[in-house]
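Note sheet for the following structure.
We did not get these values from a lab; they are worked out from the coordinates using the rules stated. Small disclaimer: the values here were computed from a predicted structure and weren't measured. Note: ideal-geometry Cβ built from the backbone for every residue, glycine included; neighbour counts use all protein chains shown.
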Amino acid sequence: MPDDCLFCKIANREIPSEFLYEDDNYVVFRDINPAAPVHLLLVPKTHIRSINDLEPVHESIVGGLFPIAAKMAKQEGVNESGYKLLFNVEKGGGQEIFHLHLHLLGGWQKK
Ligand code: 5GP
Ligand code: ZN
């Protein structure tokens with residue numbers, strides 16, 4: 001894990017944050033600069049730079065993000081109205097934090 005990785009620091013509680021969900025492998029928290037009424041970041045505790053850096057051993061970690069996304073969407077009340085799931089990959093894809101994370105964006109419409 002790089003010493004200066006913000007999401008490693010958040011995930012291991014070096015930087016205090018409010019988690020909406022946590023288990024042994026993941027944390028979920030709100031984006032500090034939301035691009036939607038509901039904007040969550042789903043973050044594996046394992047440091048992986050981006051989708052480009054996936055090794056076979058990471059596949060279950062990435063796959064595990066999706067059921068958590070569905071659970072969080074329901075918890076946030078956007079499962080029926082709908083939402084987007086997004087990975088930004090490297091600078092040209094809009095990635096700013098180089099620790100893999102899944103954006104969950106929704107809440108634009110109520111139903
Ligand atoms: P990326 O552009 O790397 O896909 O997404 C990084 C996201 O992290 C951005 O949407 C940005 O607003 C969010 N972010 C950056 N720093 C912090 C922080 O310290 N706390 C939280 N909660 N979100 C952050
Ligand atoms: Zn990291």
Check your understanding: In region 5-40, which residues are among the acidic types (D, E) and within 13 Å of ligand 1 (Cβ to nearest atom)?
Key -> E14, E18, D31
Check your understanding: Just a yes or no: is a residue in region 23-33 over 22 Å from I10 (Cα atoms) and either surrounded by 15 or more Cβ atoms within 10 Å (Cβ to Cβ) or more than 16 Å from ligand 2 (Cβ to nearest atom) (or both)?
Key -> no
Exercise for review: Evaluate the following for H101: is it within 11 Å of ligand 2 (Cβ to nearest atom) and touching a strand residue (DSSP E or B) at 6+ places or on another chain (Cβ under 8 Å)?
Suggested key: yes
Exercise for review: Identify the single condition in (1) in contact (Cβ under 8 Å) with a residue 60 or more places away in the chain; (2) not in a helix (DSSP H, G or I) that F7 does not satisfy, given that it satisfies every other one.
Suggested key: (2)
